[in-house]
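Data block below; observations after.
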Amino acid sequence: MQRNIALVGDIVRSYDFQPMPDRGESYIEGIVISKTDYSYTIAVQKRLFAGEVEMVAVGETVETPFKIFFGDWEGRIANLSPHGVAA
């Protein structure tokens, strides 16, 4: 389950769409600043859309739900911290 992937302070990657060979990846990366029973709030440090780097606004945050109805897959949220829960 995605809720056990990270703790507050871990660096995560949250995909918008499942990676596929015929399209560029779309995701955000950042630090988990809070966690609820249903989602992570991430301070965005990097944004990629269709394989292209996009600007990130200063102070930008994104709420990423653990479970989505359509397009969910194992690995949609990945812990990138060397010391993190899933490391």
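With the simple model of a label 7 Å out from the Cα in the direction of the Cβ, E25 to L80 spans 0.8 nm. The residues of the chain expose on average 64 square angstrom of accessible surface per residue, using a 1.4 Å probe on protein heavy atoms. The coefficient of translational diffusion for the chain, derived via Stokes-Einstein from the alpha carbon Kirkwood radius under 20 °C and 1.002 mPa s, stands at 164 µm²/s. Ranking L48, L80 from most to least accessible surface, computed with a 1.4 Å probe over the protein chains only, gives L80, L48. Applying both filters, DSSP loop and at most 16 other Cβ atoms within 10 Å, to the chymotrypsin sites (Phe, Trp or Tyr not before Pro) of the stretch 1-41 gives F17, Y38. Fully extending the segment from Q18 to S34 would add 3.3 nm, taking 0.36 nm per residue of separation and subtracting the current Cα-Cα distance.
The values are calculated or read from the model by the stated rules, or taken from the named source; none is laboratory data. Owing to the predicted nature of the structure, the values given are computational and were not obtained by experimental measurement. Using ideal geometry, Cβ is built from the backbone for each residue, glycine included, and neighbour counts are taken over all protein chains shown. For accessibility, only protein heavy atoms count, side chains too; no ligands or nucleic acids. Shrake-Rupley method; radii C 1.70, N 1.55, O 1.52, S 1.80 Å.
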